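The values are calculated or read from the model by the stated rules, or taken from the named source; none is laboratory data. Please read all numbers here as calculations on a predicted model, not as lab measurements. In this analysis, Cβ positions are derived from the backbone assuming ideal geometry, glycine residues included, and neighbour counts consider all displayed protein chains. Areas reflect the complete protein model, heavy atoms only, side chains present, ligands, DNA and RNA absent. Shrake-Rupley method; radii C 1.70, N 1.55, O 1.52, S 1.80 Å.
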Amino acid sequence: MRRPIIAGNWKMNNTKQQTKELLTDLIPLVADAEAEVVICVPYTSLWQAGDMIRGTNIKLGAENVHWADKGAFTGEISADMLLEQGVEYVVIGHSERRQYFGETDQTVNARVKTALAKGLKPIICVGETLEEREGGKVEEVLVRQTTEALKDVDKDALDKLVIAYEPVWAIGTGKTATAQDANDTIAIIRDTVAKLYCEKCAQEKLRIQYGGSMNPKNAKELMAMPQIDGGLIGGASLKAADFSQVVKYNG
Ligand code: PGA
(Lines give C-alpha, C1' and ligand atoms only; values in the text may rest on other atoms or scores of the structure.)
Protein backbone atom coordinates (compact mmCIF):
# COMPACT_ATOMS: atom_id res chain seq x y z
CA MET A 1 0.00 0.00 0.00
CA ARG A 2 2.80 2.42 0.95
CA ARG A 3 5.78 1.93 -1.33
CA PRO A 4 9.03 2.02 0.66
CA ILE A 5 11.39 4.85 -0.15
CA ILE A 6 15.13 4.61 0.46
CA ALA A 7 16.93 7.93 0.27
CA GLY A 8 20.66 8.45 0.56
CA ASN A 9 21.63 11.65 2.33
CA TRP A 10 25.16 12.36 1.19
CA LYS A 11 25.50 15.46 3.44
CA MET A 12 28.72 17.40 2.69
CA ASN A 13 30.42 14.53 0.90
CA ASN A 14 31.51 13.74 -2.65
CA THR A 15 33.16 16.02 -5.16
CA LYS A 16 32.11 15.82 -8.80
CA GLN A 17 34.65 13.06 -9.49
CA GLN A 18 33.62 11.08 -6.42
CA THR A 19 29.98 11.48 -7.42
CA LYS A 20 30.83 9.98 -10.79
CA GLU A 21 32.65 7.03 -9.25
CA LEU A 22 29.94 6.27 -6.68
CA LEU A 23 27.11 6.43 -9.19
CA THR A 24 28.95 4.34 -11.76
CA ASP A 25 28.95 1.57 -9.16
CA LEU A 26 25.51 2.23 -7.69
CA ILE A 27 23.30 2.53 -10.78
CA PRO A 28 23.53 -1.15 -11.85
CA LEU A 29 23.33 -2.40 -8.25
CA VAL A 30 19.91 -0.89 -7.59
CA ALA A 31 18.48 -1.19 -11.12
CA ASP A 32 15.95 -3.86 -10.14
CA ALA A 33 14.89 -2.32 -6.82
CA GLU A 34 11.24 -2.50 -5.90
CA ALA A 35 11.56 0.37 -3.43
CA GLU A 36 11.73 3.95 -4.62
CA VAL A 37 15.41 4.98 -4.63
CA VAL A 38 16.53 8.58 -4.10
CA ILE A 39 19.92 10.22 -3.67
CA CYS A 40 20.08 13.60 -1.93
CA VAL A 41 23.35 15.17 -2.95
CA PRO A 42 25.25 18.43 -2.43
CA TYR A 43 24.26 21.26 -4.80
CA THR A 44 27.59 20.98 -6.62
CA SER A 45 26.87 17.34 -7.49
CA LEU A 46 23.31 17.89 -8.71
CA TRP A 47 24.22 18.36 -12.35
CA GLN A 48 26.62 15.43 -12.49
CA ALA A 49 24.28 13.12 -10.58
CA GLY A 50 21.22 14.23 -12.55
CA ASP A 51 23.00 13.60 -15.81
CA MET A 52 24.11 10.12 -14.78
CA ILE A 53 20.80 8.89 -13.35
CA ARG A 54 18.64 10.15 -16.20
CA GLY A 55 16.67 7.17 -17.55
CA THR A 56 17.43 5.03 -14.47
CA ASN A 57 15.18 4.24 -11.49
CA ILE A 58 17.15 6.57 -9.18
CA LYS A 59 15.58 9.91 -8.35
CA LEU A 60 17.40 13.12 -7.57
CA GLY A 61 17.15 14.98 -4.27
CA ALA A 62 18.72 18.04 -2.66
CA GLU A 63 19.55 18.67 0.99
CA ASN A 64 17.74 21.94 1.60
CA VAL A 65 15.67 24.66 -0.09
CA HIS A 66 14.88 28.25 0.82
CA TRP A 67 11.30 29.45 1.21
CA ALA A 68 11.67 32.61 -0.85
CA ASP A 69 11.47 32.60 -4.64
CA LYS A 70 14.67 34.60 -4.96
CA GLY A 71 16.47 37.54 -3.41
CA ALA A 72 19.14 38.62 -0.96
CA PHE A 73 19.76 35.31 0.83
CA THR A 74 23.47 34.71 0.44
CA GLY A 75 24.37 31.05 0.41
CA GLU A 76 20.82 29.78 0.02
CA ILE A 77 19.17 28.01 -2.91
CA SER A 78 15.69 28.36 -4.37
CA ALA A 79 13.15 25.77 -5.46
CA ASP A 80 13.35 26.95 -9.07
CA MET A 81 17.11 26.48 -9.07
CA LEU A 82 16.67 22.91 -7.83
CA LEU A 83 13.87 22.12 -10.26
CA GLU A 84 16.05 23.29 -13.11
CA GLN A 85 18.57 20.62 -12.12
CA GLY A 86 15.93 17.91 -12.21
CA VAL A 87 15.48 17.67 -8.44
CA GLU A 88 12.35 15.84 -7.27
CA TYR A 89 12.91 15.39 -3.51
CA VAL A 90 14.38 17.74 -0.92
CA VAL A 91 15.47 17.07 2.66
CA ILE A 92 14.03 19.68 5.03
CA GLY A 93 14.70 20.19 8.72
CA HIS A 94 17.54 17.72 9.11
CA SER A 95 18.76 17.67 12.71
CA GLU A 96 22.16 18.93 11.60
CA ARG A 97 20.46 22.03 10.18
CA ARG A 98 18.41 22.41 13.35
CA GLN A 99 21.52 21.96 15.51
CA TYR A 100 24.16 23.96 13.62
CA PHE A 101 22.32 26.36 11.32
CA GLY A 102 19.45 27.78 13.29
CA GLU A 103 16.68 25.80 11.66
CA THR A 104 13.44 26.05 13.65
CA ASP A 105 10.01 24.47 13.39
CA GLN A 106 8.87 27.70 11.73
CA THR A 107 11.58 27.77 9.06
CA VAL A 108 10.99 24.07 8.42
CA ASN A 109 7.31 24.83 7.83
CA ALA A 110 8.14 27.73 5.50
CA ARG A 111 10.47 25.55 3.44
CA VAL A 112 7.95 22.70 3.30
CA LYS A 113 5.18 24.98 2.03
CA THR A 114 7.36 26.50 -0.68
CA ALA A 115 8.71 23.12 -1.75
CA LEU A 116 5.19 21.73 -2.13
CA ALA A 117 3.90 24.81 -3.91
CA LYS A 118 6.73 24.48 -6.41
CA GLY A 119 6.22 20.75 -6.96
CA LEU A 120 9.19 19.47 -4.95
CA LYS A 121 8.62 16.56 -2.57
CA PRO A 122 9.86 17.30 0.94
CA ILE A 123 11.53 14.69 3.14
CA ILE A 124 10.80 16.27 6.50
CA CYS A 125 13.12 15.22 9.33
CA VAL A 126 11.93 14.99 12.90
CA GLY A 127 13.51 13.38 15.93
CA GLU A 128 14.39 13.81 19.56
CA THR A 129 17.81 14.44 21.12
CA LEU A 130 19.27 12.13 23.75
CA GLU A 131 18.46 14.68 26.42
CA GLU A 132 14.84 14.85 25.31
CA ARG A 133 14.62 11.06 25.22
CA GLU A 134 16.07 10.70 28.69
CA GLY A 135 13.74 13.42 29.92
CA GLY A 136 10.72 11.44 28.71
CA LYS A 137 9.88 14.02 26.04
CA VAL A 138 9.89 11.90 22.89
CA GLU A 139 6.18 12.16 22.23
CA GLU A 140 6.00 15.86 23.07
CA VAL A 141 8.89 16.69 20.72
CA LEU A 142 7.63 14.60 17.84
CA VAL A 143 4.08 15.86 18.08
CA ARG A 144 5.36 19.44 18.10
CA GLN A 145 7.84 19.02 15.25
CA THR A 146 5.31 17.16 13.09
CA THR A 147 2.43 19.53 13.78
CA GLU A 148 4.53 22.65 13.16
CA ALA A 149 6.13 21.27 9.99
CA LEU A 150 2.70 20.52 8.54
CA LYS A 151 1.00 23.75 9.56
CA ASP A 152 -1.19 25.01 6.69
CA VAL A 153 -0.20 22.04 4.55
CA ASP A 154 -3.12 20.60 2.62
CA LYS A 155 -4.32 17.02 3.05
CA ASP A 156 -3.71 16.40 -0.66
CA ALA A 157 0.00 16.89 -0.07
CA LEU A 158 0.35 13.90 2.24
CA ASP A 159 1.33 11.51 -0.52
CA LYS A 160 3.81 14.01 -1.94
CA LEU A 161 5.82 14.40 1.24
CA VAL A 162 7.76 11.94 3.34
CA ILE A 163 8.56 12.16 7.04
CA ALA A 164 11.89 10.80 8.28
CA TYR A 165 12.04 9.88 11.94
CA GLU A 166 15.66 10.36 12.89
CA PRO A 167 16.49 10.16 16.59
CA VAL A 168 19.36 12.63 16.88
CA TRP A 169 21.34 10.32 19.17
CA ALA A 170 21.35 7.66 16.45
CA ILE A 171 22.68 9.80 13.61
CA GLY A 172 26.24 8.97 12.63
CA THR A 173 26.86 7.37 16.02
CA GLY A 174 26.48 3.71 15.17
CA LYS A 175 23.65 3.56 17.72
CA THR A 176 20.31 2.57 16.23
CA ALA A 177 16.91 2.58 17.80
CA THR A 178 15.74 -1.01 18.17
CA ALA A 179 13.37 -2.00 15.42
CA GLN A 180 10.50 -2.21 17.89
CA ASP A 181 11.28 1.18 19.37
CA ALA A 182 11.61 2.83 15.97
CA ASN A 183 8.31 1.25 14.95
CA ASP A 184 6.49 2.41 18.07
CA THR A 185 7.89 5.92 17.81
CA ILE A 186 6.92 6.19 14.15
CA ALA A 187 3.43 5.13 15.20
CA ILE A 188 3.30 8.28 17.35
CA ILE A 189 4.10 10.40 14.28
CA ARG A 190 1.50 8.60 12.16
CA ASP A 191 -1.05 9.03 14.89
CA THR A 192 -0.27 12.74 15.07
CA VAL A 193 -0.87 13.05 11.33
CA ALA A 194 -4.08 11.03 11.67
CA LYS A 195 -5.33 13.51 14.25
CA LEU A 196 -4.32 16.50 12.12
CA TYR A 197 -5.90 15.13 8.92
CA CYS A 198 -7.60 11.75 8.92
CA GLU A 199 -6.83 8.18 9.92
CA LYS A 200 -7.13 6.86 6.37
CA CYS A 201 -4.75 9.46 4.91
CA ALA A 202 -2.15 8.80 7.59
CA GLN A 203 -2.38 5.04 7.03
CA GLU A 204 -2.59 5.00 3.26
CA LYS A 205 -0.84 8.08 1.99
CA LEU A 206 1.92 9.05 4.37
CA ARG A 207 5.28 7.36 4.17
CA ILE A 208 7.51 7.55 7.24
CA GLN A 209 11.14 6.52 7.05
CA TYR A 210 13.54 5.62 9.80
CA GLY A 211 17.00 7.23 9.77
CA GLY A 212 20.01 7.01 12.07
CA SER A 213 22.89 4.60 11.51
CA MET A 214 20.87 2.38 9.23
CA ASN A 215 23.19 -0.03 7.46
CA PRO A 216 23.22 -3.46 5.80
CA LYS A 217 23.40 -5.14 9.21
CA ASN A 218 20.30 -3.64 10.78
CA ALA A 219 18.21 -2.62 7.77
CA LYS A 220 16.43 -5.91 7.31
CA GLU A 221 15.01 -5.97 10.82
CA LEU A 222 14.02 -2.30 10.72
CA MET A 223 12.36 -2.62 7.34
CA ALA A 224 10.34 -5.62 8.46
CA MET A 225 8.42 -3.40 10.89
CA PRO A 226 4.94 -2.45 9.71
CA GLN A 227 5.26 1.28 10.45
CA ILE A 228 8.62 1.78 8.73
CA ASP A 229 8.36 2.73 5.06
CA GLY A 230 12.02 2.91 4.17
CA GLY A 231 15.06 4.78 5.34
CA LEU A 232 17.07 7.96 5.18
CA ILE A 233 20.62 6.74 4.98
CA GLY A 234 23.68 8.88 5.73
CA GLY A 235 27.03 7.14 6.15
CA ALA A 236 25.98 3.91 4.45
CA SER A 237 24.81 5.81 1.35
CA LEU A 238 28.40 6.77 0.58
CA LYS A 239 29.32 3.20 -0.35
CA ALA A 240 27.53 1.67 -3.33
CA ALA A 241 27.64 -1.87 -1.91
CA ASP A 242 26.20 -0.82 1.46
CA PHE A 243 23.50 1.44 0.07
CA SER A 244 22.38 -1.12 -2.51
CA GLN A 245 22.19 -3.75 0.22
CA VAL A 246 19.92 -1.52 2.29
CA VAL A 247 17.78 -0.94 -0.81
CA LYS A 248 17.47 -4.72 -1.30
CA TYR A 249 16.06 -5.20 2.19
CA ASN A 250 13.21 -2.97 1.17
CA GLY A 251 11.97 -5.36 -1.45
P1 PGA B 1 23.53 8.21 9.36
O2 PGA B 1 22.78 9.56 8.96
O3 PGA B 1 22.91 7.11 8.55
O4 PGA B 1 24.96 8.45 9.01
O5 PGA B 1 23.32 8.02 10.82
C6 PGA B 1 21.40 9.57 8.72
C7 PGA B 1 20.97 10.99 8.44
O8 PGA B 1 21.48 11.90 9.09
O9 PGA B 1 20.09 11.23 7.59
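For Lys217 and Asp181, what does the FRET efficiency come to when R0 = 22 Å and r is the distance between their Cβ atoms, rounded to the nearest 0.05? After rounding to 0.05, the efficiency reads 0.85.
In the range 1-105, the C-alpha radius of gyration followed by the widest Cα-Cα span (Dmax) gives 14.4, 44 angstrom. Volume per residue of the convex hull around the Cα atoms, evaluated for the range 131-199, comes out as 101 Å³. Given their separation in residues at 0.36 nm each and the Cα-Cα distance between them, Glu204 and Thr147 gain 18.7 nm when the chain is fully extended.
Just need the relative contact order of the range 196-241 here, percent rounded to a whole number, with Cα pairs under 8 Å and 6+ apart.
42 percent
Using a cutoff of 8 angstrom between alpha carbon atoms and counting only pairs six or more residues apart, the relative contact order for the chain works out to 22 percent. For the range 27-87, count all C-alpha to C-alpha pairs, find those more than 19 Å apart, and express that count as a whole percent of the total. Considering the range 27-87, 36 percent of its Cα-Cα pairs are separated by more than 19 Å. These residues, Leu29, Leu23, go from largest to smallest accessible area, 1.4 Å probe, as Leu29, Leu23. Neighbours of Val143 by Cβ distance under 15 Å: Lys/Arg scored +1, Asp/Glu scored -1, total -2.
Its DSSP H runs of at least 4 residues, each contributing -39,500 (n - 2.57), put the calculated 222 nm mean residue ellipticity of the chain at -12000 deg cm²/dmol, to the nearest 500. The range 70-136 has equivalent-ellipsoid semi-axes of 26, 13, 10 Å, by the square roots of 5 times the alpha carbon gyration tensor eigenvalues, sorted largest first. Here is the P(r) of the range 92-183: all C-alpha pair distances, binned every 10 Å from 0, give 16, 48, 29, 6 in whole percents.
Compute the Rg/Rh shape ratio of the range 34-155: radius of gyration over Kirkwood radius, all on alpha-carbon atoms. Using only Cα positions, Rg/Rh for the range 34-155 is 1.00. Helices of the chain meeting both criteria, an alpha-carbon length of 18 angstrom or more along the long axis and an average Kyte-Doolittle score not below 0.0, with helices taken as full DSSP H segments, are 179-196.
When the Gaussian network model of the chain links Cα atoms closer than 10 Å, the mean-square fluctuations of Lys151, Lys11, Lys70 top out at Lys70.
Can you quote the Å³ per residue value for the convex hull of the Cα atoms in the range 130-251, rounded to an integer?
On the way: hull volume 12.5 nm³, N = 122.
Taking the convex hull of the Cα positions in the range 130-251, it is 103 Å³ per residue.
With only Cα atoms counted, the range 68-107 has Rg and Dmax values of 11.5, 29 Å. In the chain the longest region clear of GluC sites (Glu not before Pro) that are loop-assigned by DSSP and have at most 16 other C-beta atoms within 10 Å covers 89-251.
Taking every pair of distinct Cα atoms and averaging 1/r, then inverting, what Kirkwood hydrodynamic radius in Å comes out for the chain? With all distinct Cα pairs of the chain included, I get 17.9 Å.
Could you tell me the relative contact order of the range 110-251? Use alpha-carbon pairs under 8 Å, at least six residues apart, and round to a whole percent.
In percent, rounded to a whole number, it is 22.
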